[in-house]
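> If you scroll down you'll find the structure; I have some questions about it.
The values are calculated or read from the model by the stated rules, or taken from the named source; none is laboratory data. Small disclaimer: the values here were computed from a predicted structure and weren't measured. Cβ sites come from the backbone with ideal geometry, for glycine too, and all protein chains shown count toward neighbours. What goes into the accessible areas is simple: the full protein's heavy atoms, side chains included, and nothing from ligands, DNA or RNA. Shrake-Rupley method; radii C 1.70, N 1.55, O 1.52, S 1.80 Å.
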Amino acid sequence: MRNAFAEEITALAQADERIVLLSGDIGNRLFDRYKEACPDRFYNCGVAEANMIGMAAGLAMTGLRPVCYTIAPFLTYRGMEQIRVDLCYHHVPVVLVGTGSGLAYASLGATHHSCEEVGMLRLLPGLNVIAPADAWEVQGTLRAALQSPHPSYIRIGKKGEPTVHQATPDIKLGQALKIRPGSDIALLSTGAILPEVLALADLLQGEGLSAAVYSFHTVKPLDTAVLHEVFQSARLVVTIEEHSILGGLGGSVAEWKSDYPKLPASLLRLGTADEFLHVTCEQEDARFHFGLDAKVMLGRIKSRLG
């Protein structure tokens, strides 16, 4: 996903001289092609994420379109005040790209995990909160974010994530993508866990359960039209994310559903528990720890269905 971001930002910057790339002291080799093509529009801001966001806000106020890139927890947790005050309060169209989101850096410990930032950021007025599912969605959501007049946060994986799409889908912020039709269960996925969700849909099919799959690449604004549809047509709606069950996609959907108590489907939220992971391991092991493995999720769904 990060390679797709580097390729796309390079192509977009060559077509739009307003685009400026700011890095928090990572990705220097990743952006070699960008720096060759746009040498005057790349800034390594060092290990100073808050300053980088303030700098980007100033650049945006001059009419430029800055994109800030660094590791997701450093970008968001360290820069929360600047995101709130410099970007959202002043409503400037800066795009923040956090790489290695969720549990992608599980082997480096809790300092590198970002399982709470969606819940934090979606509270901020006017901020788009975006979680593409694969490299193709990275390209589409970056294009959409740069066209938006609002500030945006995009959480992406690290590297090696499997692709789901065959080409860049037509991304509109706030409009989920229907990946697979189904009638019994609706699986609402956000971010790079979508391939595991598709594996879950296959397991459900083997149990005689038809599962629709949606990619909610945008957590804010939320696709309420799809929510109305699935809560009226399915027996069970399941949100699945590599993020805490508090505050992310599941929290957003639960808040929305509380305003529509007569909708017939029930809601099951699957994500990371309200706890820190106190071991270092690979991403797959961390997902299994939190029950984000297709077989474990199948058991949770069957238990809910009774």
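> Only residues that are open to solvent by 10 Å² or more (accessible area, probe 1.4 Å) and among the small types (G, A, S): list them for segment 113-126, please.
G119, G126
> For Q166, are the conditions met, namely being touching a residue at least 24 places away in the same chain (Cβ under 8 Å), over 16 Å from the mean Cα position of the chain (by Cα) and either assigned to a loop (DSSP other than H, G, I, E, B) or within 12 Å of A212 (Cα to Cα) (or both)?
When the stated conditions are applied, Q166 passes them.
> From (1) farther than 19 Å from H112 by Cα; (2) surrounded by fewer than 18 Cβ atoms within 10 Å (Cβ to Cβ); (3) in contact (Cβ under 8 Å) with a residue 12 or more places away in the chain, pick out the condition that doesn't hold for D274.
For D274, the exception is condition (1).
> Same structure, new question: Since A212 meets every condition but one in (1) of a type in the set (A, V, I, L, M, F, W, C); (2) in contact with a Pro (Cβ under 7 Å, 6 or more places away or on another chain); (3) surrounded by fewer than 16 Cβ atoms within 10 Å (Cβ to Cβ), which condition does it not meet?
(3)
> Can you say whether Y77 is closer than 28 Å to A167 by Cα, open to solvent by 10 Å² or more (accessible area, probe 1.4 Å) and more than 13 Å from the chain's Cα centre (by Cα), as far as the supplied structure shows?
So Y77 fails the test.
> If T62 passes every condition in (1) over 23 Å from W136 (Cα atoms); (2) open to solvent by less than 40 Å² (accessible area, probe 1.4 Å); (3) not charged (D, E, K, R) but one, which one does it miss?
It fails just one condition, (2).
> Ok, one more. I'd like to know if segment 34-44 contains one or more residues that are open to solvent by less than 10 Å² (accessible area, probe 1.4 Å), over 22 Å from the mean Cα position of the chain (by Cα) and not aromatic (F, W, Y).
yes
> Oh, and also: Taking the stated definitions as given, is G271 farther than 23 Å from I171 by Cα and part of a strand (DSSP E or B)?
Yes, satisfied.
> If you go through segment 127-138 one residue at a time, do you hit one that is assigned to a loop (DSSP other than H, G, I, E, B) and open to solvent by 20 Å² or more (accessible area, probe 1.4 Å)?
Within segment 127-138, none of the residues are assigned to a loop (DSSP other than H, G, I, E, B) and open to solvent by 20 Å² or more (accessible area, probe 1.4 Å).
> Let me ask something else about it. Find the residue count for segment 170-210, including only residues that are touching a strand residue (DSSP E or B) at 6+ places or on another chain (Cβ under 9 Å), over 29 Å from E282 (Cβ atoms) and part of a loop (DSSP other than H, G, I, E, B).
Here the count works out to 13.
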